[in-house]
């Protein structure tokens, strides 16, 4: 085994300690760890590592940077490519929507490090099934494109997730994501449980050593040390092996997502198709991440869209600002179902979020009618809809 390289003093202290028998395990290696990734580096001396998640991943000084530095230090003769596909506020559903565009389109990916447990918990507030479908959709899309690749599923931590750990429970998103990882026999890194263990033993505190949902420097180093331990503890195979992908854990998982260009939609008067800007979205902050995209925007109730598609789910990625309204959706002439776009974070921000417009459909052709409702959330200041992408699951 290669000598382990630690980034900060904290990581040395953590891993130098023997794990006490009463402490809950924080790493599950699966049956193979990341042996394909190790074999690829050893045999070909090149590798592509991608990080997918929300703002915890997006931060340039976070675990994506620390793990990359560790790999380059330990494998100095390997030609690495790194892709950071973190995007603030996004959940596993959004991840399933965009993994092809933001990760798989970048070429062969030898290791995917994915985290969405925090945003599935605090931002999207997904139920168990949706959290499963999102992460499973990402993993199935990944292995379809990279059958000899590896994945590490990381569950980061916020105060609510930590409190549940300390009370002997577990957040819905963490339970869901672990169940997916176990189903696909991929390594699990439970940062929340690791932190709970350390706090209980008096070796760390939330306030000093982790600080916030977006970790401080020592918090990121702590989490990164757990991720690199998975790599360091893996025994290499002779050559990368094709991964046997099991049947889906949830048949409704978002494994066949395709983004739909806005031009494919048919709309009546009242919609604008323009670049995202303050002129298009006059209320609420606009994050720079989205200014490169065009959006389909309605400023008033009663505007209609129509789309014929083949698939079992129709979704949308939207910017939901202070004036976000409600979309009503009818599939194949059926009853209208309401989807409220307004989010509790919409008050001062055009909040990026993914919504399911219809699911549980037969995997056949359907016609969707979509309209901006006359009703609205009582906290919203308007009846708008701002759509960046539609998505279909086939």
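The values are calculated or read from the model by the stated rules, or taken from the named source; none is laboratory data. This one's a predicted model, so the numbers in the text were calculated from it and none came from an experiment. For neighbour counting, all protein chains shown are included, and Cβ atoms are generated from backbone atoms with ideal geometry for every residue, glycine included.
Which one of these does residue 170 not meet: (1) in contact with a helix residue (DSSP H, G or I) (Cβ under 9 Å, 6 or more places away or on another chain); (2) surrounded by fewer than 24 Cβ atoms within 10 Å (Cβ to Cβ); (3) in contact (Cβ under 8 Å) with a residue 12 or more places away in the chain?
(3)
If residue 131 satisfies all but one of (1) closer than 22 Å to residue 58 by Cβ; (2) touching a strand residue (DSSP E or B) at 6+ places or on another chain (Cβ under 8 Å); (3) in contact (Cβ under 8 Å) with a residue 40 or more places away in the chain, what's the number of the condition it fails?
Condition (2) is where residue 131 drops out.
Going by the conditions given, is residue 180 at pLDDT 95 or above, in contact with a strand residue (DSSP E or B) (Cβ under 8 Å, 6 or more places away or on another chain) and under 23 Å from residue 59 (Cβ atoms)?
Answer is no for this residue.
Please pick out the residue among 168, 237 that is more than 22 Å from residue 135 (Cβ to Cβ) and outside the structural domain of residue 35 (by TED's automatic domain parsing).
Result: 237 is the single residue among 168, 237 that is more than 22 Å from residue 135 (Cβ to Cβ) and outside the structural domain of residue 35 (by TED's automatic domain parsing).
Could you list, in sequence order, all residues of segment 99-115 that are more than 21 Å from residue 40 (Cβ to Cβ) and surrounded by fewer than 22 Cβ atoms within 10 Å (Cβ to Cβ)?
Matches in segment 99-115: 100, 101, 102.
Scan segment 285-299 residue by residue and report those that are out of contact with any helix residue (DSSP H, G or I) (no Cβ under 9 Å at 6 or more places or on another chain) and surrounded by 14 or more Cβ atoms within 10 Å (Cβ to Cβ).
The answer is 286, 287, 290, 297, 298, 299.
For segment 377-394, give me each residue that is part of a loop (DSSP other than H, G, I, E, B), modelled with pLDDT of 95 or more and touching a strand residue (DSSP E or B) at 6+ places or on another chain (Cβ under 8 Å).
Within segment 377-394, 377, 380, 382, 383 meet the criteria.
Identify, from the list 216, 158, the residue that is touching a residue at least 40 places away in the same chain (Cβ under 8 Å), surrounded by fewer than 22 Cβ atoms within 10 Å (Cβ to Cβ), farther than 30 Å from residue 363 by Cα and in the same structural domain as residue 116 (by TED's automatic domain parsing).
Criteria check complete, one pass: 158.
Residues are listed down the side, and each one gets a yes or a no for (1) modelled with pLDDT of 95 or more; (2) surrounded by fewer than 23 Cβ atoms within 10 Å (Cβ to Cβ); (3) touching a helix residue (DSSP H, G or I) at 6+ places or on another chain (Cβ under 7 Å); (4) closer than 27 Å to residue 255 by Cβ:
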site	(1), (2), (3), (4)
316	yes, no, no, yes
322	yes, yes, no, no
325	yes, no, no, no
337	yes, yes, no, yes
342	yes, no, no, no
346	yes, no, no, no
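How about segment 79-99: which of its residues are within 8 Å of the chain's Cα centre (by Cα) and part of a loop (DSSP other than H, G, I, E, B)?
Residues satisfying the conditions are 90, 91.
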